[in-house]
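Where a number appears in this text, it was derived from the coordinates with a stated rule and is not lab data. Everything quoted here is computed from the prediction, not taken from an experiment. Here the Cβ positions follow ideal geometry from the backbone for every residue, glycine too, while neighbour counts run over all protein chains shown.
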Amino acid sequence: MGDDGGAETVRCGGAPRRTAPLRTAPVLTTLVLALSLPAVVLLGGCGSAATSVGSGADASGGVAGTSAATEAPLAEPGAGPSPARTPKTPRPTPTGSTVPGATASGGTGKGVTSGATTVVFVDVGQGEATVIRSGSWTGLIDGGPAGSEPAVEAALAKLGVRRLSAVVVSHMHADHTGGLTHIVSEWRPRTAYVAGTPTSALAAALHGAGTAVVQVRRGVGLRFGAARAEVLSPAGLSGDANGDSVVLRLEAVGKSFLFTGDCTGPNEAAVGSICARGPPIDVLKVAHHGSRYSTSNTFLADTRPRVAVISVGPNPYGHPTPVTVGRLLAGGSRVYTTWKNGSLTFKVSQAGALSISFSRSPQPVKKATAARGG
Ligand SMILES: [Zn+2]
């Protein structure tokens, strides 16, 4: 039994082309989720004000004392327990195809999606791994550094995932791909979306898993279950791995997420220019772990993120830099980091309500110097 719906590759404004059949969704109980999520914050609609629920104190990250009541609005349809994943099943036949650079022809406007969507920024330390689940479709953006495989797999198992529909590799640096080789081998994504050449180890894993590798460029639209994503960068490859990161804008029931990899420089500016033409971004995954060389004031003015998430852990680089956190705070964003808050789970309900839950502290970063853990 698979839980992975077929991924669709579409040109923005064009007709979708299904590359794999939809499958029956596995189920996920609210109770299971509630037991593992100690605190939930509900965000308001388009206003900047947010209502906090259960955020009166830092939670320990354990299951004891967790109130399931706060999860009541978060139930997903068809919820129910999922049996353990069966690791060895027949490999899929590659079904994707190369998508050359495409000309953007419009974004994914509000109202084009429906269905609950969950986004989990997994606490993988210094690196990044983000799970997206929309209906029966499950994708993973990056796989964290080597050693983070258990955390990523636990996040997938918690959602009842049995197989990945797709992976997106933002770029080929070890803090994003170190854990991905194992994940690909075990969770056998049907499709991998990349910009550039996978590392030899990752390429071998993708080949072994029967995963179709699809090059994406700016303007390509992707269907992630009921949600839709648009590739905003890169338009081409410059040779700068960070700058060439795959940047995705995801729209789910009118809520927007911007996944930036480690994007920086001209490509970040270009992403900002695109976003400036649309509504504010609801959730920004801050580029490059809060490096001072990304997330410029201009970019923030263009994207206007309501919530900012920095995926970061102990590191020798000074990430997240106080100057970047300061920019985010000054711009009015609510700032969280995986280092301080643990794994963050965002849920967009079918009604379009956005809520956040945390595996550690629910307290947002209030000072630029307090974005780290401990
Ligand atoms: Zn990185």
For this session: Could you tell me whether any residue of the stretch 235-245 is without any contact (Cβ under 8 Å) to a residue 12 or more places away in the chain and outside any strand (DSSP E or B)?
Result: yes
For this session: With the condition kept exactly as written, say whether any residue in the stretch 251-261 is more than 16 Å from the ligand (Cβ to nearest atom), aromatic (F, W, Y) and in contact (Cβ under 8 Å) with a residue 40 or more places away in the chain.
Result: yes
Exercise. In the stretch 113-134, what residues are closer than 10 Å to G225 by Cα and within 8 Å of the chain's Cα centre (by Cα)?
Worked result: I132
For this session: Kindly indicate whether any position in the stretch 193-207 is closer than 25 Å to A116 by Cβ and buried (at least 19 other Cβ atoms within 10 Å of the Cβ).
Result: yes
Exercise. Just checking, how many residues over the stretch 173-230 are away from the ligand (no atom under 16 Å from the Cβ) and assigned to a helix (DSSP H, G or I)?
Worked result: 15
Seminar exercise, completed: Filtering helices (runs of 4 or more DSSP H) wholly in the stretch 269-374 for at least 3 residues that are touching a strand residue (DSSP E or B) at 6+ places or on another chain (Cβ under 9 Å) and buried (at least 24 other Cβ atoms within 10 Å of the Cβ) gives 322-330, 338-341
Problem set entry | Within the stretch 128-169, considering residues that are charged (D, E, K, R) and more than 16 Å from the ligand (Cβ to nearest atom), the one farthest from A192 (Cα to Cα) | K158
For this session: Within the stretch 277-309, work out how many residues are away from the ligand (no atom under 12 Å from the Cβ) and either within 25 Å of T118 (Cα to Cα) or among the acidic types (D, E) (or both).
Result: 17
